[in-house]
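J.: Structure provided below as structure tokens; questions to follow.
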Amino acid sequence: MAIKVPGKRYGKRLQHSKVFGHGAAHGKHGGNADVLITPLVDMFVIIVLFLIANFSATGEVLMMTKDIQLPEAVNVKEVEMHPVVMVSGDEVSISGNVVGRVQDLVKEEYLNIPALEEKLRDMKKQFEDLHAMADGNTNAFKGDVNIQAHKDVEFSIIKRVMFSCASAGYNNINFATLQKGDPGSGEPTAAKTE
């Protein structure tokens with residue numbers, strides 16, 4: 001190995017230039033090209049971060065199923081992310097967990113649905129535990145819940161669902177509806193109960 005005199009050392013690209021080069025094949029282009037990997041990796045990282053931000057910001061608020069046909073409403077506002085109680089013609093569920101069958105609920109005489117109330121209380125406790133360490137009241141529990149019910153479900157079932165939500169501390173009840181007068185949209189929105 002030859003001993004080299006210390007001094008300025010130019011990068012591979014500058015060594016072959018006319019100004020800084022050592023006279024090796026100034027006019028000829030080499031067959032190999034150096035690929036700059038750092039900018040390529042940076043570009044892919046930016047793309048991945050952009051996609052993650054977009055997908056997390058546009059998550060589904062309601063889960064549309066064929067069992068539930070939403071009613072239409074005129075005075076509506078956009079759906080916000082809250083726990084969703086789904087009431088179809090056959091069952092009542094929350095977060096994908098069935099908490100009661102409509103046939104059984106019609107036969108019972110008391111107002112609340114114990115399994116639904118218990119699940120909502122667990123969700124409230126989880127929310128309060130997660131936000132207990134946060135400073136200030138910006139993340140205080142507001143008691144918002146969305147009810148996504150089939151348009152032909154009896155009011156007695158809806159009344160029991162609402163009573164169970166209120167008993168568990170969810171007093172701000174929103175009903176998921178379709179906006180009336182805009183037949184092409186089919187976008188679910190929420191009408192807030194007063």
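J.: In this structure, is Ala115 open to solvent by less than 80 Å² (accessible area, probe 1.4 Å) and at pLDDT 85 or above?
T.: So Ala115 passes the test.
J.: Restricting attention to the stretch 159-171, which residues are open to solvent by 50 Å² or more (accessible area, probe 1.4 Å) and not aliphatic (A, V, I, L, M)?
T.: Residues satisfying the conditions are Lys159, Phe163, Asn171.
J.: Let me ask you something else. Going residue by residue through the stretch 74-90, is there one that turns out to be open to solvent by less than 90 Å² (accessible area, probe 1.4 Å) and modelled with pLDDT under 70?
T.: Yes, some residue in the stretch 74-90 is open to solvent by less than 90 Å² (accessible area, probe 1.4 Å) and modelled with pLDDT under 70.
J.: Is it the case that some residue within the stretch 172-182 is open to solvent by 60 Å² or more (accessible area, probe 1.4 Å), part of a helix (DSSP H, G or I) and either basic (Lys, Arg) or at pLDDT 80 or above (or both)?
T.: no
J.: Met123: within 21 Å of the chain's Cα centre (by Cα), among the aliphatic types (A, V, I, L, M) and open to solvent by 80 Å² or more (accessible area, probe 1.4 Å), yes or no?
T.: no
J.: Quick test for you: out of Ile68, Ile113, pick the one residue that is in contact with a strand residue (DSSP E or B) (Cβ under 7 Å, 6 or more places away or on another chain), more than 18 Å from Ala176 (Cβ to Cβ) and aliphatic (A, V, I, L, M).
T.: Ile113
J.: Anything in the stretch 72-117 that is part of a strand (DSSP E or B) and of a type in the set (Ser, Thr, Tyr)? List them, or say none.
T.: Once the filter is applied, which keeps residues that are part of a strand (DSSP E or B) and of a type in the set (Ser, Thr, Tyr), the stretch 72-117 yields only Ser93.
The values are calculated or read from the model by the stated rules, or taken from the named source; none is laboratory data. Predicted, not measured: the structure shown is a model, and the values here were computed from it. All Cβ positions, even for glycine, are placed from backbone atoms using ideal geometry, and neighbour counts span all protein chains on display. Note: accessible area is taken over every heavy atom of the protein model, side chains too, but ligands, DNA and RNA are not part of it. Shrake-Rupley method; radii C 1.70, N 1.55, O 1.52, S 1.80 Å.
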